[in-house]
1. Any chance segment 5-27 includes a residue that's in contact with a Lys or Arg (Cβ under 6 Å, 6 or more places away or on another chain), modelled with pLDDT of 95 or more and on the phi < 0 side of the Ramachandran plot?
2. Residue by residue through segment 74-105, note down the ones that are among the β-branched types (Val, Ile, Thr) and assigned to a strand (DSSP E or B).
3. Of the numbered conditions (1) within 15 Å of ligand 2 (Cβ to nearest atom); (2) of a type in the set (S, T, N, Q); (3) under 19 Å from GLY128 (Cβ atoms), THR218 satisfies every one except a single condition; which is it?
4. Restricting to segment 22-47, give me the number of residues that are open to solvent by less than 40 Å² (accessible area, probe 1.4 Å) and either over 19 Å from the mean Cα position of the chain (by Cα) or under 29 Å from LEU3 (Cβ atoms) (or both).
5. Quick one: how many residues across segment 206-256 are surrounded by 19 or more Cβ atoms within 10 Å (Cβ to Cβ), at pLDDT below 95 and in contact with a Pro (Cβ under 8 Å, 6 or more places away or on another chain)?
6. Using the structure shown, decide if GLU67 is in contact (Cβ under 8 Å) with a residue 12 or more places away in the chain, in a loop (DSSP other than H, G, I, E, B), among the charged types (D, E, K, R) and out of contact with any Pro (no Cβ under 8 Å at 6 or more places or on another chain).
7. Only one of these is within 16 Å of ligand 3 (Cβ to nearest atom), farther than 25 Å from ASP72 by Cα and modelled with pLDDT of 95 or more: GLY135, GLY148, GLY153, GLY130. Name it.
8. Can you tell me which of LEU166, LEU172, LEU161 is open to solvent by less than 30 Å² (accessible area, probe 1.4 Å), modelled with pLDDT of 95 or more and not in a loop (DSSP other than H, G, I, E, B)?
Amino acid sequence: MELLKKIESVVKEAGEIVLSAENIQDCTNLKTSPADLVTAYDVQVENFLKERLPALVDGALFYGEEETENCDPSRGWVYIVDPIDGTANFVRGFRQSAISVALAKDGKVQYAVVLDPYRKELFSAKLGCGAFMNGKPIHVSELPLSKGIFGMGTAPYNKELHPRTLKLAGQLLARSCDFRRMGAAALDLCAVACGRLDAFFECVLSPWDYAAGSLLITEAGGFVCTLEGDEVPVTEKCSMWASNRVNAEVLKELSC
Ligand code: IPD
Ligand code: CA
Ligand code: CA
């Protein structure tokens with residue numbers, strides 16, 4: 001079986017753990033602040049993926065959000081994993097959360113799989129081979145922002161970034177029809193990849209939030225960079241601008 005299919009199959013199994021979750025609030029703990037949560041299910045999904053994914057590629061390492069000792073994701077084959085993206089949604093029963101898995105080689109993402117277990121939507125991409133949802137090709141939209149909707153994240157764990165976030169949101173809202181704040185960055189990026197959103201930004205994200213989603217967008221014909229216009233790294237946190245091709249230049253009009 002092709003490697004992408006093998007990763008998809010492991011991620012789908014992990015999706016069953018998310019769907020079976022019960023009494024989530026009873027197994028929820030704070031991380032850095034009351035906004036930043038971890039549940040026993042985040043850990044269970046991550047442990048499951050850590051047990052199953054590295055075996056698919058000789059020598060592959062695992063870089064997960066809930067890991068205490070992480071490896072250097074810029075060297076060799078490394079899985080970059082968010083076991084549950086949208087944990088605050090998960091705890092509150094919003095049913096807008098995802099499992100995000102990227103496989104990078106020497107700092108470049110080669111494979112991406114993002115699963116929305118609730119909608120049963122599986123997004124996947126292999127570098128150079130296009131992006132797919134449940135096996136069907138997906139593409140970014142062609143709408144200019146003036147006729148479009150953008151998505152955003154609020155960098156909830158970094159309050160010092162809230163003024164910048166709101167300033168950018170105001171500028172983009174003035175140029176567009178509306179915005180969405182849905183609470184799971186990996187799914188926001190998939191929404192850009194399949195044309196549901198025409199752009200997306202967040203003032204800080206971690207590699208496990210965007211590694212898979214950014215490959216999905218570029219393979220779907222879209223564009224990603226930091227808010228400074230730089231390439232998005234897999235090694236460290238960064239800000240994020242993601243859009244279709246038409247809106248790639250909008251970033252240059254914004255005062256960040
Ligand atoms: C968070 C979500 C949220 C985004 C945050 C992320 P988590 O991930 O993607 O939408 O605004 O920046 O950290 O903590 O739920 O995995
Ligand atoms: Ca996340
Ligand atoms: Ca997470």
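1. Within segment 5-27 (the criterion being in contact with a Lys or Arg (Cβ under 6 Å, 6 or more places away or on another chain), modelled with pLDDT of 95 or more and on the phi < 0 side of the Ramachandran plot), the answer is yes, since at least one residue qualifies.
2. VAL78, ILE80, VAL81, ILE84, ILE99, VAL101
3. Evaluating THR218 over (1) within 15 Å of ligand 2 (Cβ to nearest atom); (2) of a type in the set (S, T, N, Q); (3) under 19 Å from GLY128 (Cβ atoms) leaves (1) as the failure.
4. Looking only at that region, the number is 8.
5. Of the residues in that region, 1 qualify.
6. When the stated conditions are applied, GLU67 passes them.
7. GLY153
8. Values: LEU166 fails: open to solvent by less than 30 Å² (accessible area, probe 1.4 Å); LEU161 fails: open to solvent by less than 30 Å² (accessible area, probe 1.4 Å).
The match here is LEU172.
The values are calculated or read from the model by the stated rules, or taken from the named source; none is laboratory data. Note that the structure is predicted; figures quoted are calculated from it, not measured. Neighbour counts run over all protein chains shown; Cβ positions are idealised from the backbone, glycine included. We work out accessible area using only protein heavy atoms, side chains counted, and drop any ligands, DNA or RNA first. Shrake-Rupley method; radii C 1.70, N 1.55, O 1.52, S 1.80 Å.
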